[in-house]
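See below for the structure under consideration.
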Amino acid sequence: MTKNAFSMTRRSFIKTVAGVSFTVNIIPVTQLLADETDVITSSMTGNWSKSPGKARYRIDGLVKVRGQKVFARDYHSWNMPGWPKVEHPVMIIRATDVENPFKGLDLSLIPESSQPIEILYGDRVADKILRPNMTSDEYNEDNQTLDQDIEVERPNSLTWPFIVPKGKRANFYGQPVAFLIFSDRRAYRTANNAVQFNPDFQIYEDNPRNNPVFPFQPLTNYVRVAAPDGGEDIFSYAKNGGEDSYDDVASVYRSQIEYEMASGRWKTYQASCSMQAMDPMFMEPESGLGWYDAANKTLNLVVGTQSPDPDVEDVLEMFSGPNPIVEVKTINLVSCYPGGGFGGRDRSVFTLNLAIAAAYAQGNPIRLAYDRFEQFQAGLKRHPCELKESLSVDANGKLQALDISMSFDGGGRENLSPWVAQLAGLCAGGSYIIPKAAISSNARYTPNISSGSQRGFGGPQAFFAIETLLDDIAKDNDWDPIELRKKNILSEGEKTVVGGPITEKLQLSEILETSEQHAIWKNRKKDRKYWQKKGLLYGVGFAMSMQAYGTSGDGLIGYVEIDEEGNLIVKTNAVDMGNGSATTLAVSTADQLGHNASTIDMGNPDLYPVLDMQTTGNDNWQDPAWTANGVGSSSACLTAFHQVHAIDQASKVLLDTGIIPAARKIWGKKDIPASQIVCVNGMATTKDLNLPPIPMKKIGEQIHQSGGVKAALVHAYFQEIWVKADFTVNSERFRWKIDGLAIYKAKKTEPEVIRRHAKTGDYPTPWSSRYSRTTYAPCGNLIGLTVDPHSGDTVVRKSLSVLNAGKIITEELVSGQSQGGVSMAIGYSLLEDMPAGPGGPADGDWNLNRYFVPLSRDVALKEQELITLPPVDKDKTAKGIAEAVMCSVAPAISNALYDATKVRFRDLPITAEKIRKGMGTNG
């Protein structure tokens, strides 16, 4: 590697893990290759920007539609400056048997000329098994002491070994049993053709034993008993969840609720639902490059990831043990667009596998590129779910009680499964006032393919249950289903099923009224007659969701810089997974600074370490360096509200500390009130004073010539409220909605960390962490569909989404998210299925010939309509809607099928075969 290969583009920081210090360089691939050509950079900046706060098209649009190199899959070692030009393909062999011990591979099936040059079995990575998950220790089959790995330190995020050791059983389908490294692509392809679908390649001992199934911790136990007068809850998780006796007392109230529901006091309706595993089906299967440069003790990785910060932490942890397989002093992470995410790359082990292969490749560059078969076998899935729900209603149509038990199949890795189950517990109450609720939700370990945080995060499963039960209640009592919902909707000041407050205007009434007045609903009887003449059954279904976005404990990073030309540069740790967040964040400077950013630099794990903040301890806000959460993985639903806020506040800091002082100097009036100075259309100007506007180019020149503040890096934290704190910069005190700050001054090489005045800040209350969530993006869906009574074939004919998205930042992106969400949900409801275990993708022989995703003809693309409600009271808050636009589609489809066939289907996907069976027809 040439000594200065990354000198033009790298951003460095020092990271210490377990007493080992590493230098980490983060290199955006577009900047790295712009050293040699400006084709990508010019396409990324181009003419995408419109008026302030608007975009002509996506900032990354041209490079993608032109097929330029932007995804990790596009690159080879010969594309990377300073790398050796010969790369070695890596093949990961994955367990297809979890009941019998793994013995080895029959390498004789591979032609001699194509044998791997390196074989990595589990005994080379570790000779003892580590299971840091304490629950799993209870099921240690041999009762031996569980020790740390010897050669490769496994990150704490992994429960099971990197690679199944010989003589041991795999812990889950798809767990690696070997890494094979090949000399070149030809050898790899020949070997792959010989063994990929050959069941004889993997050898297992005939000694079957089932893996135990157990729940991941924590378990979700939400019980609420509201006060009859609407005052403080008698008991709830929000009120009492911090008490040691909570579970015991909750058990007593749970029994009382179950007794009341069974007493006959109200009508009680029951449902059992099952939802299948679902693949995210992002465009680019996971792919990356790795090279361990022994001469410089440097690990180079090229990868597209949804979780750059956690990935860096895990990779560092791998090489921090007392006896690492290779000595690493520096990590160069080249960050690419991932090519889709939907949660399917959130805490994926792909980056760890890439690092392992690079460490064992004897100093050669390697390429790990899954094909679609491997992605189906190894990639994270949406959780399968089994649930049982009871819902009680009084004679006036008012909901009274809810009792639900949900169990999510987490597969072989814990990932984020317990938190998916936790959010599902909140979503179980839907959009409704329910005075009494008993909610149990868990995610369990099974040997199936691992599940993750795929789009919806427990919401699609929970909303499906309550929204289909409401239609059952309406039909049984001859009530209009929309009117029934109107009687029960939540509003500002009400409480959720965990006892958390509703602190915003949800506009649920507007969603219901808009849907009720729409032609799909009003004309359903006429449309039924029309389709009846064609021999088809027609039905219309409505459902509503109130999906929460964020985690109600989110830490965000935002960086905004002005250069000498007056151009704005935005940096963030967030990743654009295809949802358009790069464009959204690039236009988010406009509110404060009057014009859009010229460039956006994403996926930066190097930003947060600059602030040197701490997260240890609980509620230690009086420590000016403490925050409740540093940074996490990217999520599409975090963009419009969370990430935009961080960029807005960084822009505000830059305005207050850099641009306003520069403008005062140019005008020669140091006493102009800050409230008078605004930025509009690329100019600094005043509201009421007759002063000439100053172009941003002149502002930039002044800042850089005088050594003023040229950039601001902020950390923001949200839990019910944004933390607000006071900071002193250049002897002037400011209050911003942030808790961490560093400023960058022109002519200085290092940033200056500014600590907040901790005692004067506004901080979340300790009990607000028990609210589960406080930010929501409500959505209602109408679906009109036809059913062939003989074949069972279902066709969605019309679709309406009524969405409360708050402030619309980029209308086209909201529309695109809605279309994609509806399409994904139609596939989830009617088409996409993957059995667990053998016979499903675990065998490694599944592709799109067996996993049926919706095509354009399936999603009524021309008949998809989106109505976004105007913000209430000129509210400037945008909402994260990426998940909200799909959560109520599946129950709307089930309700439409119920309307058409008079048969209820609650086992997803609702295939033609299931419809024929339910209707008693043979097709």
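Would you mind putting 861-872, 235-246 in packing order, based on average other-beta-carbon counts within 10 Å, highest first? Please list the in-between numbers first.
Working: 861-872: 15.5, 235-246: 17.3.
Highest to lowest by the protection proxy: 235-246, 861-872.
Measure off 7 Å from each Cα along the Cα-to-Cβ vector at R189 and S509, then give the distance between these two points in nanometres to one decimal.
Inter-label distance under the simple model: 6.6 nm.
Quick one: Debye curve from the alpha-carbon atoms of segment 554-771 only, equal weights, vacuum; give me log10 I(q)/I(0) at q = 0.17 Å⁻¹ to two decimals.
-1.17
May I ask you to derive the FRET efficiency for N47 and K902 from their Cβ-Cβ distance with R0 = 56 Å, giving the value to the nearest 0.05?
My answer for the efficiency is 0.50.
Which one, G617, M546, V195, projects farthest toward the positive side of the charge dipole computed for the chain from Cβ point charges (K/R +1, D/E -1)?
M546
To the nearest 20 debye, what is the magnitude of the charge dipole of the chain about its Cα centre, counting +1 on the Cβ of each Lys and Arg and -1 on the Cβ of each Asp and Glu?
Taking the Cα centre of the chain as origin, the dipole is about 2600 debye.
Sort 412-419, 511-518, 768-775 by packing, meaning the average of other beta carbons within 10 Å per residue, with the highest value first.
Highest mean packing first, the order is 412-419, 768-775, 511-518.
Can you work out ³J(HN,Hα) from phi for every residue in segment 616-627, in order, using Karplus 6.51 cos²θ - 1.76 cosθ + 1.60 and θ = phi - 60°, giving whole Hz and x for Gly and Pro?
Karplus-based 3J(HN,Hα) across segment 616-627 equals 6, x, 10, 6, 9, 5, 6, 8, x, 9, 9, 9 Hz.
Would segment 467-625 count as rounded, prolate or oblate if I go by the C-alpha gyration tensor, calling it rounded below 1.5 in a/c and otherwise prolate when a/b exceeds b/c, oblate otherwise?
Prolate, because a/c is 1.5 or more and a/b exceeds b/c.
For the modelled label position 7 Å from the Cα of E386 along Cα-to-Cβ, which residues of segment 200-243 have backbone nitrogen atoms closer than 18 Å?
What the label zone holds, given the 18 Å backbone N cut-off, is 210-216, 220.
Which of rounded, prolate or oblate describes segment 274-321 when judged by the alpha-carbon gyration tensor and an a/c cut-off of 1.5?
Note, shape of segment 274-321 comes out prolate.
Multiplying the sequence separation of Q115 and D873 by 0.36 nm and subtracting their Cα-Cα distance, what value in nm do you get?
Length gained between Q115 and D873: 266.0 nm.
Between N240, I721, I660, whose Cα lies farthest towards the positive end of the dipole of the chain when Lys and Arg beta carbons carry +1 and Asp and Glu beta carbons carry -1, centred on the Cα centre?
I660
May I ask which of K436/K495; K687/K745; K505/K737 have a Cα-Cα span longer than 19 Å here?
Violating the 19 Å Cα-Cα cut-off are K687/K745; K505/K737.
For K529 and K398, FRET efficiency with R0 = 30 Å and r from the beta-carbon atoms, rounded to 0.05?
The computed FRET efficiency comes out at 0.30.
Take A519 and N477, extend 7 Å from each Cα along the Cα→Cβ direction, and tell me the distance between the two endpoints in nm.
3.3
Holding the Cα-Cα limit at 29 Å, pick out from K54/K698; K239/K487; K529/K862; K669/K879 the pairs that are longer than that.
Where the Cα-Cα span goes over 29 Å, the pairs concerned are K669/K879.
For mean projected area of the Cα convex hull in nm², the choices are (i) 41.6; (ii) 39.2; (iii) 45.5; which was calculated from the structure?
Only one option fits the structure, namely (ii).
Can you give the relative contact order of segment 554-771 as a percent, counting alpha carbon pairs under 8 Å and 6+ residues apart? Before the final figure, lay out each step's value.
Values: 467 pairs, mean separation 53.6, N = 218.
Answer for segment 554-771 is 25 percent.
Can you tell me the dipole magnitude for segment 554-771 around its Cα centre, using point charges on the Cβ only (Lys, Arg +1; Asp, Glu -1), in Debye to the nearest 20?
660
For E205, put the label point 7 Å out on the Cα→Cβ axis and report which residues of segment 170-185 keep their amide N under 16 Å from it.
Hits in segment 170-185 for E205 at 16 Å: 170-171.
Would you mind telling me the antiparallel percentage of the DSSP bridges in the chain, rounded to 5?
Antiparallel: roughly 75 percent of the beta bridges in the chain.
Mind putting a number on the dipole of segment 713-784 about its Cα centre? Charges go on the C-beta only, +1 for Lys and Arg and -1 for Asp and Glu, and I need it in Debye to the nearest 20.
Using only the charged Cβ atoms, the result is roughly 140 debye.
Between N849 and Q614, how many nm apart are label points set 7 Å from Cα along the C-beta direction?
6.0
Taken together, the values in this text are just the output of simple stated rules run on the coordinates, not laboratory data. Being a predicted model, the structure only gives us computed values, none of them experimental. Heads up, the Cβs are rebuilt from the backbone with ideal geometry, glycines too, and the neighbour counts pull from every protein chain shown.
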